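A.B. asks: Right, I'll just put the structure down here and ask away after.
Laboratory data are not the source of any read-out in this text; all were calculated from the coordinates shown. This is a predicted model, so every value here is computed, not measured. Cβ coordinates were reconstructed from backbone atoms using ideal geometry, including for glycine residues, and neighbour counts include every protein chain displayed.
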Amino acid sequence: MNLGWATLETPDKDFSSVVIHEFGHALGLLHEHNHPEALIQWNKPAVYADLEGPPNKWPRAEIDANVFAKFDLSKVIITDFDKASVMIYTIPSNWTLDGKSFMPSWKLSAGDTETIKRLYS
Ligand SMILES: [Zn+2]
């Protein structure tokens with residue numbers, strides 16, 4: 001399992017968030033910011049500028065796929081958009097045109113738990 005940017009020096013709540021997020025993927029959860037109902041007003045130039053630089057150094061196609069893409073609700077099992085999900089990226093206010101920001105939870109949200117129930121029932 002790739003824990004991305006987390007290291008042994010990462011504060012416990014942030015480390016917990018990363019580990020639970022990655023286990024969420026292992027169980028089948030998708031990135032919440034890719035939910036078609038998220039309606040995030042992306043400031044794409046700011047997102048590209050940050051993610052094309054270190055430490056990510058992602059090409060635009062990877063940013064488009066990981067950040068801006070929307071999944072097809074007819075092909076997934078999921079709840080309504082859940083801004084409290086552990087599966088949402090940290091989205092700073094300068095990444096949105098309306099100044100909204102999002103922080104992932106450090107634990108499974110009620111929506112995350114409901115989605116896992118639906119996936120395995
Ligand atoms: Zn992820």
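A.B. asks: Taking the Cβ-Cβ separation of TRP5 and ARG60 as r and a Förster radius of 25 Å, what is the calculated FRET efficiency to the nearest 0.05?
C.D. replies: Details: r = 20 Å, r/R0 = 0.81.
Calculated transfer efficiency: 0.80.
A.B. asks: With only alpha-carbon pairs counted, each pair once and no self-pairs, how large is the Kirkwood hydrodynamic radius of the chain in angstroms? Present the calculation step by step, with values, prior to reporting the outcome.
C.D. replies: Numbers: mean 1/r = 0.0664 Å⁻¹.
Roughly 15.1 Å, rounded to one decimal.
A.B. asks: Another question, if that's okay. Add +1 for every Lys or Arg and -1 for every Asp or Glu among the other residues with Cβ under 10 Å from the Cβ of ALA6, and state the total.
C.D. replies: Numbers: positive: none; negative: GLU9, ASP14, GLU22.
Residues near ALA6 contribute -3 overall.
A.B. asks: A further question follows. Extending each Cα 7 Å along its Cβ direction at ALA26 and ALA49, get the distance between those two points in nm, one decimal.
C.D. replies: Once both label points are built, they end up 3.8 nm from each other.
A.B. asks: Which cross-chain or sequence-distant (5 or more) residues have an amide H under 5 Å from the amide H of TRP42, H modelled 1.01 Å from N in plane?
C.D. replies: Close amide H contacts, sequence-distant or interchain: LEU97.
A.B. asks: Can you compute the label reach from GLU114? Point 7 Å from Cα along the Cβ direction, backbone N cut-off under 18 Å, restricted to the stretch 66-100.
C.D. replies: Once the point is set 7 Å along Cα→Cβ of GLU114, 73-88 turn out to lie under 18 Å by backbone N, inside the stretch 66-100.
A.B. asks: May I ask you to evaluate 6.51 cos²θ - 1.76 cosθ + 1.60, the Karplus curve with θ = phi - 60°, for each residue of the stretch 58-73 and list the ³J(HN,Hα) values in order in whole Hz, giving x for glycine and proline?
C.D. replies: 7, x, 4, 4, 6, 5, 4, 6, 7, 10, 8, 4, 10, 8, 8, 4
A.B. asks: Something else about it: List every residue whose amide H lies under 5 Å from the amide H of PHE102, counting only residues 5 or more places away in sequence or on a different chain, with H placed 1.01 Å from N in the peptide plane.
C.D. replies: Result for PHE102 returns ILE91.
A.B. asks: Restricting to Cα pairs below 8 Å that are 6+ residues apart, what does the relative contact order work out to for the stretch 14-119? Please round to a whole percent. List each step's numbers first, then the result.
C.D. replies: Working: 140 pairs, mean separation 39.3, N = 106.
Worked out over the stretch 14-119, it gives 37 percent.
A.B. asks: Efficiency by 1/(1 + (r/R0)^6): what FRET value for SER74 and ASN94, r their Cβ-Cβ distance, R0 = 25 Å, to the nearest 0.05? Please list the in-between numbers first.
C.D. replies: Values: r = 33 Å, r/R0 = 1.33.
For SER74 and ASN94, the calculated efficiency is 0.15.
A.B. asks: A follow-up question, please. Could you let me know the centre-to-centre spacing of the stretch 82-105 and the stretch 1-80, using Cα atoms, in angstrom?
C.D. replies: 10 Å
A.B. asks: Roughly how big is the chain's charge dipole about its Cα centre, with Cβ charges of +1 (Lys, Arg) and -1 (Asp, Glu), in debye to the nearest 20? Write out the running numbers ahead of the final one.
C.D. replies: Details: 11 positive and 16 negative charges, 31 e Å.
In total the dipole reaches around 140 debye.
A.B. asks: Where does the chain land at 222 nm, in deg cm²/dmol rounded to the nearest 500, when only DSSP H runs of n ≥ 4 count, each adding -39500 (n - 2.57), divided by all residues? Walk me through the numbers before you get to the answer.
C.D. replies: Details: 4 runs with 39 residues, N = 121.
Result for the chain: -9500 deg cm²/dmol, rounded to the nearest 500.
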